[in-house]
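Structure record follows, encoded as C-alpha cells.
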Amino acid sequence: MKRWIAFSNIFIKDMRTYYLKPPNISWGIIFPLAWTGMFFIRSGSGLESVLELLPGVVTIAILFGTTSLLSVTITFERRSRSFERLLLAPISLDLLMLAKTSGAILFGIINAFVPIAIAAFLADLSGIAWSLVVPAIILISIVSTFLGLFISVSVSEVFEAQTFSNFFRFPMIFLCGLFFPILSLPVFVRPLSYILPVTYGVDILHGAVNGEHIMSFTLDFLILCAFCIVLFVLSLLNIKRKWIA
Amino acid sequence: MLTGLARLDAGNIKISGIDCTRNPKAAQHLIGIVPDESNLYPELSGFDNLCFCAALYGIRKSEREKRARTLLDTFGLADAANRKFAIYSKGMKRKLTFAAGIIHQPPILFLDEPTTGIDVASARQVRQIIADLHSKGTTIFLTTHYIEEAERLCERIAFIVNGRIVQTDRTANLLQPVRGKHVIIFSVSNSVDGLTEDMASAFPSYKFQSVASNQISIESMEPVNVGPLVRFLEERKIQVTEARRHVPSLEDVFVQVTGIEAELMRKEKEKAGSVGNQ
C-alpha cells in the first residue's frame, strides 16, 4: 500500500507538472497534425492515402512526445537535484523509475490517439484491427519512453538529452518503415532497421491498418517486449553506476 | 553512505539494527535529509511540495495534509502555503526544504548547513526547531561550517578536515582543555614583531602569541594581571589601545586540533566544502 501511494503520487505529480501543461498538450496535437499534413501533401494522392500514412504518424507522435518530455524532465530534475529526493525515498529503484516513466507512457498513448481521431473524420477506420493497434500503441509508447529514459540517464544536461534524442529519432523516421517500406531501403541499410525497436511496432500497425506486414505479429510483440526489458534494465544499471557515487 | 547516495569503500552500516551494507534502501524510511541546497519542485506550491514528500514515504492523504499544515505553521510559512515554491525567498525555501525533510517524522535526521544563507531570524527559528527535535529524541547529524552553531546545538562533535575525521568526542570533553583558561587580547599602536619573546622572558607564567600585526594574546590558567603588562609595553613606547577578554570556545579547540589558523578557518567558512564539523 505504501509503495502504491508513492508510485501514484510520483505519477500524478509528473502528469500535473510536466505532461498536462498547455504547451505539451498543444505539442501533442499540433505535431501529429503537421506530420499528417506534410506526408498527405507529399503523397499527392487523395484521402485514400490517410490509412497508409496513419501508422507512421501515430508512431512519430508517440516517439517524439515520449522521448522529448521524459529525457528533458529527468535531466531537469537531476540538475535541480530534486531527483535526489526520489532516490532517497524508501522505494526500490525499479518501482521509482516505473513511476517516473508511467506519465510519459500515458502521454505517448494519448498522443497516438490524436492522429487516429483526426483520421476518423477523413477515412473509414472500420477495417482496422483494434485488438492489434491498441497493444501495439501501448508497447510503442513503453519502448519509446524507455528509450527516452536510456538517453536521459546517459547525459547530464538538458540540451545533451535533446541532441542525443534526435540522434535516434530522426534516423528512425526513415529507417523503421514509418513512411517508406523497409524493403524499399538499400540492402546495406536494412540491418539498421532491424536493430531499432520502433520497426517492430510500425510493422504491427501497418499490418493492423493496411494488412501489410513483413514479420509475424507474435514475433513483433516478442521483440518489442524484449527491447522494453533491455532498455529498462540498461537504464537502471546506468543509474546505479552513474548516479550513486 | 548512510543515506544510500554513495557506495561504501569499506566496513558496514547498521541503522537501528537494520543492516544497510548491501541494501541501502532498507532503512531509508528511518532517515530524513535536509540537503544544503533547496531541492523541492519549483512548479508545486509549498503545501503540495510537503504533501508530495510525505507521499514518497507512503503516508495517507488525510495524514499528510494534516502534517503539511502543522509544519507550515511551525516554520511560519502558512501564509505562503499556496504559493509556488519557485517564488519563495531563499530563507523560505530553506525552511520548506527543512519541513520536507521531517514530514515523515524520521528518528534520524541529516542536516547539511541548515542555516547557511538565511536571515538571522530564520536561522534562530531553524536552530530552535533543531533543538526541539533533539529534545523529542531525534538523532541529528548536523554538518556545519559555523563552529559556534555546532557548540550550541551538538552533544557530540567530529572535526572533519579534507574528508577525514581528525577528532571526535562529546562537546564538553572537547572544550575541557580550554575551559578555565584566561585569555586577554591586547591591541597595540605598533607592530608586535619580536615583542612576544621579550614579554615571555619578563612574564614567564603567561603564554604570549602574536595573533595579528598589532595584536597580542596573553594566555594563563590564572587571571591575567593587566597592569604590569601595560606598563612593560609603555616603557617600550608601545601604547595599548584596547584590552579585551577572550572567552575560549570550540573554535580555539578546532584550531588547536587541526592546526588550521583562525584566519584561514574564517575564509573556509565562506566557501562550502573542504572543512566541516558535526
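A search for C-beta distances below 7 Å between a residue of the range B:109-133 that is within 13 Å of B:Lys95 (Cβ to Cβ) and free of Cβ contacts under 8 Å to residues at least 40 places away in the same chain and any residue that is of a type in the set (Lys, Arg) and exposed (fewer than 15 other Cβ atoms within 10 Å of the Cβ), counting only pairs 6+ apart in sequence or on different chains, returns B:Gly117/B:Lys90; B:Ile118/B:Lys90. Right, B:Val178: out of contact with any helix residue (DSSP H, G or I) (no Cβ under 6 Å at 6 or more places or on another chain), surrounded by 11 or more Cβ atoms within 10 Å (Cβ to Cβ) and of a type outside the set (D, E, K, R) or not? No: the conditions fail for B:Val178.
The numbered conditions (1) more than 10 Å from every other protein chain (Cβ to nearest Cβ); (2) under 23 Å from B:Thr115 (Cα atoms); (3) modelled with pLDDT under 90 are all true for B:Leu72 except (3).
Step by step: first the residues of the range B:108-160, then only those that are surrounded by fewer than 17 Cβ atoms within 10 Å (Cβ to Cβ) and small (Gly, Ala, Ser), then the one that is farthest from B:Leu30 (Cα to Cα). Which residue is that? Among them, the one singled out is B:Ala121.
Rundown of residues vs (1) under 24 Å from A:Thr199 (Cα atoms); (2) touching a strand residue (DSSP E or B) at 6+ places or on another chain (Cβ under 9 Å); (3) assigned to a helix (DSSP H, G or I); (4) not polar (S, T, N, Q), yes/no style:
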site: A:Phe7; (1), (2), (3), (4): no, no, yes, yes
site: A:Ser49; (1), (2), (3), (4): yes, no, yes, no
site: A:Phe64; (1), (2), (3), (4): yes, no, yes, yes
site: A:Leu98; (1), (2), (3), (4): yes, no, yes, yes
site: A:Leu106; (1), (2), (3), (4): yes, no, yes, yes
site: A:Ile110; (1), (2), (3), (4): yes, no, yes, yes
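Within the range A:81-96, none of the residues are buried (at least 20 other Cβ atoms within 10 Å of the Cβ) and at pLDDT below 85. For the range B:1-41, name all the residues that are of a type outside the set (A, V, I, L, M), part of a loop (DSSP other than H, G, I, E, B), surrounded by fewer than 16 Cβ atoms within 10 Å (Cβ to Cβ) and more than 7 Å from chain A (Cβ to nearest Cβ). If the condition is that a residue be of a type outside the set (A, V, I, L, M), part of a loop (DSSP other than H, G, I, E, B), surrounded by fewer than 16 Cβ atoms within 10 Å (Cβ to Cβ) and more than 7 Å from chain A (Cβ to nearest Cβ), then B:Asp9, B:Gly11, B:Asn12, B:Ser16, B:Gly17, B:Thr21, B:Arg22, B:Asn23 are the ones that fit. Take B:Val211 and decide whether it is assigned to a strand (DSSP E or B), surrounded by 12 or more Cβ atoms within 10 Å (Cβ to Cβ) and not assigned by TED's automatic domain parsing to the domain that holds B:Arg231. So B:Val211 fails the test.
When we screen A:Val155, A:Val202, A:Val233, A:Val209 for residues that are within 30 Å of A:Leu88 (Cα to Cα) and in a helix (DSSP H, G or I), the only hit is A:Val233. Entry remark, the range B:52-66: residues being under 19 Å from A:Met15 (Cβ atoms) and more than 8 Å from every other protein chain (Cβ to nearest Cβ) number 3 in total. Can you tell me which residues in the range B:84-107 are under 24 Å from B:Leu30 (Cβ atoms) and hydroxyl-bearing (Ser, Thr, Tyr)? Result: B:Thr97, single match. If the condition is being facing chain A (nearest Cβ under 10 Å) and part of a helix (DSSP H, G or I), then the range B:42-51 contributes B:Asp48, B:Asn49, B:Cys51.
So that you can scan it fast, the table gives a plain yes or no per residue for (1) under 26 Å from B:Lys93 (Cα atoms); (2) away from chain B (no Cβ under 14 Å); (3) more than 14 Å from the chain's Cα centre (by Cα); (4) of a type outside the set (D, E, K, R):
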residue	(1), (2), (3), (4)
A:Thr66	no, yes, no, yes
A:Thr75	yes, yes, yes, yes
A:Glu84	yes, no, yes, no
A:Ser92	no, no, yes, yes
A:Ser102	no, yes, no, yes
A:Ile116	no, yes, yes, yes
A:Ala123	no, yes, yes, yes
A:Trp130	no, yes, yes, yes
A:Pro135	no, yes, no, yes
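The values are calculated or read from the model by the stated rules, or taken from the named source; none is laboratory data. Keep in mind it's a predicted model, so treat the numbers as computed, not measured. Cβ: placed from backbone, ideal geometry, glycine included. Neighbour counts: every protein chain shown.
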